[in-house]
Amino acid sequence: MASHLSKVFSLSEHGADYTVRVQADEETGEPWFHAGDICEVLGYEKARQAVDIHVDEADACKIGARNSRGELRPTNFINESGLYDLILGSKKPHAKNLKRWVTKVVLPAIRKDGGYVDGEEKVVNGEMSEDELVLKALQMQQAATVTKRA
C-alpha cells in the first residue's frame, strides 16, 4: 500500500488528550489509522496484542512511521474495518465516543469531500467561520504538498 501522512488528530476524552495519526492510501484514499494511537484511546494496554486478537490480518499492515526519537520504524496501521474491530472489542465507555467521532465526523467528511479538516465540525456549531475552515484546509494542503516533495 502506497501511503502518505494525511493528518494528525487531537482528541480529548475524559480529561486526557490523545493524538491519532491517520495515513491515506494514495491510490484509493482509504484511511489507515495508527493502531497504537487507537489502542491508547480505547484503553488497550498492549497495542500489538489487541491488533492480533481483534483485527483480521487483511485489515492491518505495517507502514513506516517516526518514533519519538525520529527513527523510521515499521508500525501497525489498521483500516476502517480494523478500527471498528478494536472499538467493538473495547470494554471502555469512551470507545463509544471515539466511534461516534469517527463515524459521524471524520469518515463522512472523507467520503463527501475527499478529506477531513481538523475541527470542520466547528463550522456547524458556529465556533469557526467557513472562511477560517477554507484557510485551514489550504494551509493543510500546502503542508502536505511540501511534505510530499521532501
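Of everything in the stretch 63-102, what is modelled with pLDDT under 90 and in a strand (DSSP E or B)? Give them in sequence order. Within the stretch 63-102, ILE63, GLY64, ALA65, ARG66, LEU72, ARG73, PRO74, THR75 qualify. Exactly one residue out of LYS62, LYS96 is more than 27 Å from GLN139 (Cβ to Cβ), without any contact (Cβ under 8 Å) to a residue 24 or more places away in the chain and touching a Pro at 6+ places or on another chain (Cβ under 7 Å), and it is LYS62.
Sort through VAL51, VAL55 and tell me the only one that's at pLDDT 85 or above, surrounded by 21 or more Cβ atoms within 10 Å (Cβ to Cβ), farther than 25 Å from GLY119 by Cβ and in contact with a Ser or Thr (Cβ under 9 Å, 6 or more places away or on another chain).
Working: VAL51 fails: in contact with a Ser or Thr (Cβ under 9 Å, 6 or more places away or on another chain).
From the options VAL51, VAL55, the qualifying one is VAL55.
Remark: pairs (first residue in the stretch 38-55, in the same structural domain as ASP17 (by TED's automatic domain parsing); second residue of a type in the set (Val, Ile, Thr); Cβ separation under 6 Å; 6+ apart in sequence or on different chains) = VAL55/ILE78.
The values are calculated or read from the model by the stated rules, or taken from the named source; none is laboratory data. Given the structure is predicted, the values throughout are model-derived calculations rather than measurements. Using ideal geometry, Cβ is built from the backbone for each residue, glycine included, and neighbour counts are taken over all protein chains shown.
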